[in-house]
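Please read the structure below before turning to the comments.
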Amino acid sequence: MTYTRPESLKQAVTHYCAGCGHGVAHRLICEVIDELGIRGRTLAVAPVGCAVFAYDYFDFDVTEAAHGRAPAVATGMKRCNPSSVVFTYQGDGDLAAIGAGEIVNAANRGELISVFFINNATYGMTGGQMAPTTLVGQKTPTSPLGRLPAREGWPMKVVEMLSQLDGTAYAERCALDTPAHIRAARAAIRRSFDCQLAGRGFSIVELLSACPVGWGTSPAEAVRLVAGEMTATFPLGVFKGSASPPTA
């Protein structure tokens, strides 16, 4: 099979580590943008984290937000230019820790934005520290004995939480570990954009992703951990909205 780069994805050498899921997520988002023909009016907000340089890969307008503030920036962009298609691209530290208040209130207001949430259960950019989504028992530099709920709390289940809010129209969790799951993730990204284009409300797609360096594993073992331990804690599926095929 011949590799064809999406028009919305720049020809660039990646800075991501071997086995990281960010590159896969970037490609899926760009494929859907090209498929929908919305590249000329798409605006993205990059996070603070491993994807801080997302603007080096996305070939459309991207702005940078302070740590955790991507939903607020996206809200302003969408409200100022309602015909635009706006999405945030955030990791678990950015979205679920310092940005927890931002994401909850954006969802509760039903902001017409799409959120793509990369969950690799760690602060990958700064050394693999414990994140809100770090698994029970998972050892990190800031949880050297393993995460203990009585001490550090439970892993935060973001899509389940946001799905309870009236402003959330669509919430789904996918994984980037197998070809079948990656195809499902692409369909979920399409449904999120469809939700925004139809004016139905806030949408979020959580993508379980590997972080081999942060986890101290090989890329192959990291993928197995996504398929096993991560999906056991974070079950895949649609938590709000429809999983029907996207409209033509």
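Only the coordinates and a few stated rules stand behind these numbers; no lab work does. Keep in mind the model is a prediction, meaning the values are calculated, not measured. Here Cβ is always computed from backbone atoms with ideal geometry, including for glycine, and neighbour counts include all displayed protein chains.
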| task | For a quick protection proxy, order the peptides 40-52, 179-191, 74-86 by their average other-Cβ count within 10 Å, most packed first. | result | 40-52, 179-191, 74-86
| query | Which is farthest toward the positive dipole end of segment 22-240 among ILE113, LEU43, GLY23, measuring Cα position about the Cα centre, with Cβ charges +1 (Lys, Arg) and -1 (Asp, Glu)? | reply | ILE113
| query | When the chain is treated as a GNM, springs tying every alpha-carbon pair under 10 Å, which of GLY23, GLY146, GLY228 comes out with the largest mean-square fluctuation? | reply | GLY228
| query | Remind me, relative contact order of the chain in percent, using alpha carbon pairs under 8 angstrom and six or more residues apart? | reply | 19
| field | Positive minus negative residues near ILE103 (Lys, Arg vs Asp, Glu; Cβ under 14 Å) | value | -3
| query | Which percent, nearest 5, of DSSP beta bridges in the chain are antiparallel? | reply | 20
| request: State to the nearest 20 debye the size of the charge dipole of segment 22-240 about its Cα centre, where the only charges are +1 on K and R beta carbons and -1 on D and E beta carbons. | output: 320
| note | So, over other residues within a Cβ distance under 13 Å of ARG186, counting Lys, Arg +1 and Asp, Glu -1, the net charge is -1
| message | Of ALA180, ALA210, GLY101, which is farthest towards the positive pole of segment 22-240's charge dipole, taken about the Cα centre with +1 and -1 on the beta-carbons of Lys, Arg and Asp, Glu respectively? | response | GLY101
| said: Highest mean first, how do 5-13, 199-207, 105-113, 229-237 rank when packing is the count of other Cβ atoms within 10 Å averaged over residues? | reply: 199-207, 105-113, 229-237, 5-13
| query | Roughly how tilted is helix 179-197, in degrees to the nearest 10 and between 0 and 90, from the longest Cα axis of the chain? | reply | 50
| query | For the chain, what's the radius of gyration and Dmax over Cα atoms, in angstrom? | reply | 16.7, 51
| message | If you take every residue apart from GLU31 with its C-beta less than 13 Å away from the C-beta of GLU31, what net charge results, scoring Lys and Arg +1 and Asp and Glu -1? | response | +2
